[in-house]
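Novice: Got a structure for you, written out below as structure tokens; questions coming shortly.
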Amino acid sequence: MKPGDKFATILVPNATLQSLYDDLDTGEAQKMPLFSLASVNPDHGMYIGQLADIDGSGNAFIYEDMNFMNSDRDYNDFIFQIAGAEVCLPLLDDLIDPAKDWRNIGGVAEDISEHIGTAVKPDTLRMSVSLEGSRADLVLYDSQGRFCGKDGVSIPGAAFYPDENGHRSLFLNVPDQGKYRIVLLGAKDETLSCTVRGHRGETEILSEETKSIRINAHRVLRAEVSVSSDGKGMEIAVGEFETPVSEDGKLLYYDFDGDGKTDDSDIGKVSSRWNAVEGDEDYDPFYDLDEDGYIGILDIMPAVSSKSVP
Ligand SMILES: [Ca+2]
Ligand SMILES: [Ca+2]
Ligand SMILES: [Ca+2]
């Protein structure tokens, strides 16, 4: 976008823009797009009430998924952030039905305000990790066990980007001091390269380190990462990528999250995919140890029998 650009948003509840377009051909107009603008003329302004500013910070918003005229005013439908633009919307406090205020539910308000606080500003310190030209999986864990990878993101403000060319990258905001671990899950026997960068804001690169790594199919490698910054520069030390080991030095081939123990959370990663076949959403070739296109007992047993924690 260029400075001065104006934009509006559309939400198509429970459907896609494509399906809305396809319905034009069939004459079925069941789906209702919800616009942030009251009409195609931007001077007519917002649909007051379709969107709300969650806390007045001007970067986190909520879409009511029913047309404002007959909405249930619960505003629990779709939350999103916009950074780098000026947005003027009424406050959620002024719109929500107090009897339906989900912010009273334990922990929800805190979780959301932690995410809102992660909007990237020009001086925000960030770290990125990227894998090039490989089908291996990439997951990053922080010292509290929160994670960022293709199966989900629980670190506030972190984001994971896979692309069709087999590149994967992730971004997260980092404090001045922090410890992380990168876990790679091998898709095949190959040499891949992993680049860890320190950033300030969206564009500036403060540090960069690339490692060339030999990985094998179905094998886990982990590396410790420590971040330190004096506010100006940023140092990121990336350790060697190695097979996870227990405290007493035993190699842990089934420690899928690389935390130094093989326990129920590791076994759960494969057992939760029990009966998945190639093509299913929960089929993951990494966990199909015998590569027969099916995740069954033969794939689960090795992990179960290597449990290092009773
Ligand atoms: Ca609603
Ligand atoms: Ca583990
Ligand atoms: Ca199998």
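Novice: Net charge near residue 34: determine it from the other residues with C-beta under 15 Å of the C-beta of residue 34, scoring Lys and Arg +1 and Asp and Glu -1.
Specialist: Around residue 34, the surrounding residues sum to -3.
Novice: Just name one of 184, 201, 216: the one whose Cα is farthest towards the positive end of the charge dipole of segment 181-246 (beta-carbon charges, Lys/Arg +1, Asp/Glu -1).
Specialist: Farthest along the dipole direction, towards plus: 216.
Novice: Can you bin segment 135-185 into rounded, prolate or oblate? Criterion: square roots of the alpha carbon gyration tensor eigenvalues sorted a ≥ b ≥ c, rounded for a/c under 1.5, prolate for a/b above b/c, oblate for the rest.
Specialist: prolate
Novice: Any idea how far the Cα center of segment 6-23 sits from the one of segment 103-175, in Å?
Specialist: Between the Cα centre of segment 6-23 and that of segment 103-175, the gap is 27 Å.
Novice: Here is a follow-up. Sorted by average packing, counted as other Cβ atoms within 10 angstrom per residue and highest first, what order do 278-289, 12-23, 126-137 take?
Specialist: The packing order, highest mean first, is 126-137, 278-289, 12-23.
Novice: Something else now. So which lysines can residue 6 reach, going by Cα to Cα under 27 Å and dropping same-chain residues fewer than 8 places off?
Specialist: The qualifying lysines are 31, 121.
Novice: For segment 10-116, evaluate the Debye formula with one uniform point scatterer on each Cα (no solvent term) and list log10 I(q)/I(0) at q = 0.09 Å⁻¹, rounded to two decimals.
Specialist: One equal scatterer on each Cα of segment 10-116 leads to -0.26.
Novice: Separate question: Among 190-197, 100-107, how do they line up by average Cβ neighbours within 10 Å per residue, starting with the highest?
Specialist: Packing proxy ranking, top to bottom: 190-197, 100-107.
Novice: Give me the net charge of residue 67's neighbourhood, meaning all other residues with Cβ under 15 Å from the Cβ of residue 67; Lys, Arg count +1, Asp, Glu -1.
Specialist: So the surrounding residues net to -3.
Novice: Cα gyration tensor of segment 247-310, axes a ≥ b ≥ c as square roots of the eigenvalues: rounded (a/c below 1.5), prolate (a/b > b/c) or oblate?
Specialist: Prolate.
Novice: Let me ask something additional. If a/c stays under 1.5 just call it rounded; otherwise compare a/b with b/c (prolate if a/b is bigger, oblate if not). Do that for the chain, with a ≥ b ≥ c from the square roots of the Cα gyration tensor eigenvalues.
Specialist: prolate
Novice: What are the principal axis extents of the Cα atoms in segment 125-238, in Å, biggest first?
Specialist: 40, 25, 24
A short reminder: the numbers here are calculations on the coordinates, not readings from a lab. In this text, all values refer to a predicted model and were calculated from it rather than measured experimentally. Positions of Cβ are generated from backbone atoms using ideal geometry, with glycine treated the same way; all protein chains shown enter the neighbour counts.
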